[in-house]
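Structure record follows, encoded as structure tokens.
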Amino acid sequence: MDDIGRLEEERNKLRDEERSLIQNLRELSSKLKEVRSELSDNRDKRDQLNETIKLLKQERDQLRTKAKNGIEQFSETRKSTPGGRRAAQAEKELASLEWKVQTTPFDRDQEKRMMIQIRARESQVVSNRKLQQLRGEIEKYKQEGDTVHAKIQELAAESQKHHLEILKLREQSSSIKQEIEEKVVLLDVTREKALLAAQKFLMAQNQNRYTTRVMRTEKDRAHREGLKALAQEKLEKKEKLSLLELNALYGSGEDEEEDTSG
């Protein structure tokens with residue numbers, strides 16, 4: 001392979017490398033765009049979950065506060081409940097006392113003592129009912145709080161998955177950006193090499209054309225000199241000359257000047 005062929009091959013090789021790098025950069029840019037879109041999607045979902053978790057925590061804390069307040073109120077109510085009897089027993093005793101008052105004749109003192117007992121039982125029944133109500137409310141708040149807490153844990157686990165995916169995508173994005181930067185540097189270097197190779201090839205090609213033209217001119221000149229000598233010889237012998245021989249004999253001076261100037 002001659003020098004021109006070698007230079008052309010080197011130029012074409014560098015051009016192919018340049019095109020390959022450009023295509024590779026397009027693919028990397030497209031991949032980076034996809035990763036960034038996926039990263040943004042995961043970040044939005046995580047942030048939405050975290051906002052929901054924040055609201056649920058407030059709701060859970062409110063329920064726990066209500067349960068705590070209910071426990072305190074229950075404790076105070078139980079302390080102030082007279083007799084300390086169970087609700088069912090107190091209501092049974094109250095019903096019995098009321099039945100006695102309605103069905104049994106009492107003198108004034110007996111009736112007064114009976115009414116005192118009834119009021120005591122009524123107070124105890126009311127307190128017991130209040131305790132039952134508080135106990136139900138406390139249990140309700142606890143259950144609702146536990147349900148909300150379970151939902152918080154569920155959403156927190158889902159949020160953590162998105163967070164881990166975000167970390168992975170960030171690393172992937174960083175790796176792609178670094179690869180793009182490296183490819184851009186390599187592309188710049190390859191372009192410079194390709195441009196230099198193209199210039200070398202063009203210079204060699206032009207030099208070859210010039211050399212070929214000069215050689216052809218020299219060959220033509222030698223041919224004309226031969227014709228001129230032959231024509232001169234025929235002229236001296238008074239032989240008939242062809243148009244080509246006449247042109248070589250009488251027109252060579254102009255041709256040489258034209259060839260030399262060319």
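So here's what we get for this one:
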{"quantity": "Cross-link partners of LYS79 among lysines (Cα-Cα below 18 Å; sequence separation of 8 or more within a chain)", "calculated": "LYS68, LYS130"}
{"quantity": "Using a Förster distance of 35 Å, the FRET efficiency for GLU239-THR217 (Cβ separation, nearest 0.05)", "calculated": "0.75"}
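Here, each number is a calculation from the coordinates, and none is a lab measurement. Remember, predicted model here, so these are calculated numbers, not experimental data. When we count neighbours, we look across all protein chains shown, and the Cβ atoms used for this are built from the backbone with ideal geometry, even at glycine.
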